[in-house]
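Data first, discussion second: the structure below is written as structure tokens.
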Amino acid sequence: MAMSGQQPRTLFDKIWDAHVVETLPDGTALLYIDLHLTHEVTTPQAFDGLRAAGRKVRRPDATLAVVDHNIATDESRRTGIVDPESRLQVETLEKNVKEFGVPYIPLLDERQGIVHVIGPELGRSLPGMTIVCGDSHTSTHGAMGALAFGIGTSEVEHVLATQTLLQKPAKNMRVLVEGNLAFGCTAKDIILAIIGKIGTAGGTGHVIEYAGDTIRALDMAGRMTVCNMSIEAGARAGMIAPDETTFEYIRRTPYGPKGEMFDRAVAWWRTLPSDPGARFDKEVRLAAHDIAPQMTWGTNPEAVLPITGTVPNPEDEPDEAKRAQMRRMLEYMGLTPGQRLTDLKVDVVFIGSCTNSRIEDIRAAAAIAKGRKVAEGVRAMVVPGSGLVKKQAEAEGLDRILREAGFEWREAGCSMCLGMNPDKLTPGQRCASTSNRNFEGRQGPGGRTHLVSPAMAAAAAIAGHFADVRDYQPKEALS
Amino acid sequence: MKPFTTLTGIAAPLPKANVDTDQIIPARFLKAITRSGFGKNLFANFRYREDGSENPDFVLNQEPYRKAEILIAFENFGCGSSREHAPWALLDFGIRCIIAPDFADIFHNNCFKNGILPVKLPREICEKLMDDARMGGNARLTVDLERQVVVRPNGEEIPFQVDPLRRHLLLNGLDDIGQTLQHAPAIDAFEAKQRAAQPWLYA
């Protein structure tokens with residue numbers, strides 16, 4: 001472990017330094033991994049590799065498995081998985097966790113949910129940790145003040161066998177957001193605005209630390225939304241320094257450290273924030289009051305505009321390659337230059353995913369939905385991120401508000417974020433989605449995804465077209 | 001893993017930026033539990049029409065690119081999901097080298113773990129190679145990892161950079177888990193020290 005005292009270090013530097021087992025002659029580090037989250041899609045080939053080589057899981061106690069990607073989010077999950085390939089993948093995970101002694105949260109357990117929702121919620125994802133998962137949205141856990149990043153299946157196997165990864169250090173980037181967030185704007189609007197500014201490769205090779213008083217003022221759910229989409233800016237990871245908000249959150253989790261152990265942990269966590277004068281290779285600043293409610297119009301997350309905007313005209317783009325890409329985006333999305341974003345009708349509204357399915361997100365949607373009705377012809381669904389989120393929402397009566405307004409109230413899972421379980425768009429359907437990727441075909445072949453915040457998605461469901469959430473403020477208080 | 005030394009083959013032109021891993025292989029095809037068989041669904045949303053028939057406009061459905069071993073593309077190749085099914089699909093189709101101005105980090109990593117060489121070259125060179133690739137079967141490219149050069153059909157040699165450790169592993173087809181396990185005593189020592197300092201990390 002490198003000792004402080006000389007060079008001021010960043011949050012990333014400190015966690016990195018504390019986890020270097022050895023540095024190889026060429027500068028590659030053997031980096032220790034504190035928590036390995038796993039799910040059914042990116043692990044079967046890794047467990048096969050272990051079996052073939054006669055290797056064990058080095059630290060089952062630092063590993064946690066859950067099913068989330070493949071599963072249905074309706075009642076059908078109680079009677080078994082219908083799709084034979086999905087069923088085989090889930091059964092394979094169940095066989096593997098048993099054989100290798102890995103702790104597992106089964107489908108019908110109330111703690112089941114999206115891997116990036118349950119890690120923090122259960123108190124398994126903690127500040128100062130290195131956290132990996134075979135999923136790019138692992139960056140979510142950076143909100144805890146951890147170094148968390150997605151890996152491929154070969155690396156999953158490497159971590160299972162050795163509890164380490166071979167890694168080159170990343171560069172440091174800081175995104176400072178300052179000032180009060182404007183009325184109607186949320187963490188989702190912040191991260192979409194950041195990606196709009198720096199682009200989908202703006203963070204490549206870097207770990208982004210989000211800082212500034214706007215970020216400090218976010219609750220943990222908001223911080224997770226911001227860190228979640230770091231990968232959409234190309235960054236290896238996103239992180240936020242742990243503070244009192246973080247510690248209070250962890251204190252309420254079921255499996256976080258307790259008592260004297262909690263106090264010891266907090267004492268260490270307080271040493272983690274970036275030192276004054278720490279050097280960042282790249283720095284970007286945004287003023288919170290410049291951020292309006294955001295909505296993507298194209299097929300990558302940097303193709304984003306304020307809701308008050310109009311569909312851009314490719315002919316105004318000077319770069320030929322970009323012009324061609326924009327034309328293709330408009331063709332795929334079925335848009336015409338100059339159309340007002342608020343004139344676009346929606347077919348489907350999806351509120352869920354590891355970006356926006358926490359209790360705070362569901363409260364935001366319910367606040368807009370209360371006393372209103374989903375527009376005719378719109379299918380609107382709310383998919384809680386975990387069984388515990390679902391239980392909490394039901395205890396608060398949010399499910400009733402949403403159902404009365406005409407939303408479907410579902411079971412926890414990845415659902416319509418990625419088009420690999422029964423929840424999919426059909427070709428040509430236009431969707432207001434709180435998820436993270438608006439790629440061609442992401443939510444189903446031919447599906448047209450517009451990324452928005454939960455409140456904006458709820459407003460679109462009520463209006464039947466995209467709408468400025470600032471015109472749809474709560475009619476009645478929630479309770 | 002199959003070593004990568006020198007590859008001479010047909011290069012397919014894919015003049016697009018931000019080719020994400022959902023495009024390379026859509027999620028609905030990620031349900032297999034082995035590493036093989038993903039090639040038929042490589043670029044499925046572009047290669048096949050809604051009725052399942054081949055789309056003749058897509059480059060990999062055209063001769064001679066059905067046998068392409070090299071892919072030329074533009075910026076930020078492999079962005080998005082961490083799915084290693086993307087390199088598995090490319091490899092299963094027969095692609096062993098991708099040349100682009102830059103790559104997304106996780107995809108870049110995943111390539112090396114599977115014997116695929118991602119080569120970063122400036123945009124203007126990628127455009128020249130794109131033109132070479134458009135010439136079809138008469139214009140094979142050679143990618144020589146030993147000498148770190150791409151050889152154009154006209155004989156011009158273009159040098160490229162690659163991480164020395166990754167080059168070594170790729171040239172020799174080495175599994176890095178075996179290498180890492182040689183450091184087991186250091187991992188044991190790290191754990192003993194960490195357990196004493198941060199006992200809450202140990203159940």
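The values are calculated or read from the model by the stated rules, or taken from the named source; none is laboratory data. Since the model is a prediction, treat every value here as computed from it, not as a measurement. All Cβ positions, glycine included, derive from the backbone under ideal geometry; neighbour counts span all protein chains shown. Note: areas computed on protein heavy atoms with side chains; ligands, DNA, RNA excluded. Shrake-Rupley method; radii C 1.70, N 1.55, O 1.52, S 1.80 Å.
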Region B:87-100 - residue that is at negative phi and assigned to a loop (DSSP other than H, G, I, E, B) and, of those, most open to solvent (accessible area, probe 1.4 Å): B:96
Being more than 10 Å from chain A (Cβ to nearest Cβ), surrounded by fewer than 16 Cβ atoms within 10 Å (Cβ to Cβ) and under 30 Å from residue A:126 (Cβ atoms) is true for just one of B:184, B:196, B:189. Which residue is that? B:196
When region B:101-123 is checked residue by residue, the ones that are within 12 Å of chain A (Cβ to nearest Cβ) and either under 14 Å from residue B:159 (Cα atoms) or surrounded by fewer than 19 Cβ atoms within 10 Å (Cβ to Cβ) (or both) are B:101, B:115, B:120, B:123
Restricting to region A:168-188, name every residue that is surrounded by fewer than 21 Cβ atoms within 10 Å (Cβ to Cβ) and either under 30 Å from residue B:179 (Cβ atoms) or within 13 Å of chain B (Cβ to nearest Cβ) (or both). A:168, A:169, A:171
Take region B:125-134 and flag every residue that is surrounded by fewer than 21 Cβ atoms within 10 Å (Cβ to Cβ) and more than 19 Å from residue B:148 (Cβ to Cβ). B:127, B:130, B:131, B:134
Out of everything in region A:194-214 that is within 16 Å of the chain's Cα centre (by Cα) and assigned to a helix (DSSP H, G or I), what residue ends up being surrounded by the most Cβ atoms within 10 Å (Cβ to Cβ)? A:194
Count, please, the residues in region B:1-47 that happen to be of a type in the set (Ser, Thr, Tyr) and either at the interface with chain A (Cβ under 7 Å from one of its Cβ atoms) or open to solvent by less than 60 Å² (accessible area, probe 1.4 Å) (or both). 2
Exactly one of A:34, A:61 is modelled with pLDDT of 95 or more, open to solvent by 10 Å² or more (accessible area, probe 1.4 Å) and closer than 27 Å to residue A:127 by Cβ, and that one is A:61
Every residue in region A:155-167 that is surrounded by fewer than 24 Cβ atoms within 10 Å (Cβ to Cβ) and either part of a helix (DSSP H, G or I) or more than 10 Å from every other protein chain (Cβ to nearest Cβ) (or both), please. A:161
Inspect all residues belonging to region A:426-437 and state whether any of them is open to solvent by less than 20 Å² (accessible area, probe 1.4 Å), touching a residue at least 24 places away in the same chain (Cβ under 8 Å), part of a strand (DSSP E or B) and of a type in the set (A, V, I, L, M, F, W, C). yes
Can residue A:332 be described as aromatic (Phe, Trp, Tyr), within 30 Å of residue A:467 (Cβ to Cβ) and open to solvent by less than 70 Å² (accessible area, probe 1.4 Å)? yes
Just to be sure I understand the filter: pairs with C-beta atoms under 8 Å, separated by 6 or more residues or on different chains, first member in region A:129-157 and under 21 Å from residue A:102 (Cβ atoms), second member at pLDDT below 95 and open to solvent by less than 10 Å² (accessible area, probe 1.4 Å). Which pairs pass? A:157/B:177
Would you check which residues across region A:445-464 are more than 17 Å from the chain's Cα centre (by Cα) and not aliphatic (A, V, I, L, M) and list them? A:445, A:446, A:447, A:448, A:464
I need the full set of residues from region A:55-92 which are touching a residue at least 60 places away in the same chain (Cβ under 8 Å), under 23 Å from residue B:34 (Cβ atoms) and in a helix (DSSP H, G or I), in order please. A:86
Quick check, is residue A:151 buried (at least 24 other Cβ atoms within 10 Å of the Cβ), within 30 Å of residue A:307 (Cβ to Cβ) and either β-branched (Val, Ile, Thr) or within 23 Å of the chain's Cα centre (by Cα) (or both)? no
From the set of residues in region A:428-441 that are in contact with a Pro (Cβ under 8 Å, 6 or more places away or on another chain) and of a type outside the set (Ser, Thr, Tyr), which is nearest to residue A:341 (Cα to Cα)? A:438
From the list A:87, A:111, A:77, which one is over 23 Å from residue B:30 (Cα atoms) and of a type in the set (Lys, Arg)? A:111
Regarding region A:65-79, can at least one residue be identified that is more than 26 Å from the chain's Cα centre (by Cα) and within 14 Å of chain B (Cβ to nearest Cβ)? no
Quickly run through region B:157-168 and pick out the residues that are open to solvent by 20 Å² or more (accessible area, probe 1.4 Å) and more than 7 Å from chain A (Cβ to nearest Cβ). B:157, B:159, B:161, B:162, B:163, B:166, B:167, B:168
Go through region A:446-456 and give me each residue that's touching a residue at least 24 places away in the same chain (Cβ under 8 Å) and assigned to a loop (DSSP other than H, G, I, E, B). A:447, A:452, A:453
Return the residue satisfying two criteria in turn: it lies in region A:121-155 and is β-branched (Val, Ile, Thr) and touching a Phe, Trp or Tyr at 6+ places or on another chain (Cβ under 9 Å), and of such residues it is farthest from residue A:273 (Cα to Cα). A:153
Flag if residue A:245 is part of a helix (DSSP H, G or I), under 30 Å from residue B:196 (Cβ atoms), in contact with a helix residue (DSSP H, G or I) (Cβ under 8 Å, 6 or more places away or on another chain) and polar (S, T, N, Q): yes
Among the residues of region A:240-289, write down those that are surrounded by fewer than 20 Cβ atoms within 10 Å (Cβ to Cβ), aliphatic (A, V, I, L, M) and more than 19 Å from residue A:208 (Cβ to Cβ). A:261, A:266, A:267
Residues being within 14 Å of chain A (Cβ to nearest Cβ), outside any strand (DSSP E or B) and open to solvent by 10 Å² or more (accessible area, probe 1.4 Å): count how many of those fall in region B:56-79. 4
Mind checking which pairs have a first residue in region A:361-381 that is farther than 16 Å from residue A:392 by Cα and assigned to a helix (DSSP H, G or I) and a second that is aromatic (Phe, Trp, Tyr) and open to solvent by less than 20 Å² (accessible area, probe 1.4 Å), Cβ under 8 Å, 6 or more apart or different chains? A:369/A:407
For residue A:379, state whether it is farther than 14 Å from residue A:348 by Cα and modelled with pLDDT of 95 or more. no
Can you tell me which residues in region A:393-407 are outside any loop (DSSP other than H, G, I, E, B) and either crowded, with 18+ Cβ neighbours inside 10 Å or hydroxyl-bearing (Ser, Thr, Tyr) (or both)? A:393, A:398, A:399, A:401, A:402, A:405
Restricted to region A:102-142, and to residues that are surrounded by fewer than 24 Cβ atoms within 10 Å (Cβ to Cβ) and of a type in the set (Gly, Ala, Ser), which residue is nearest to the other protein chains (Cβ to nearest Cβ)? A:128
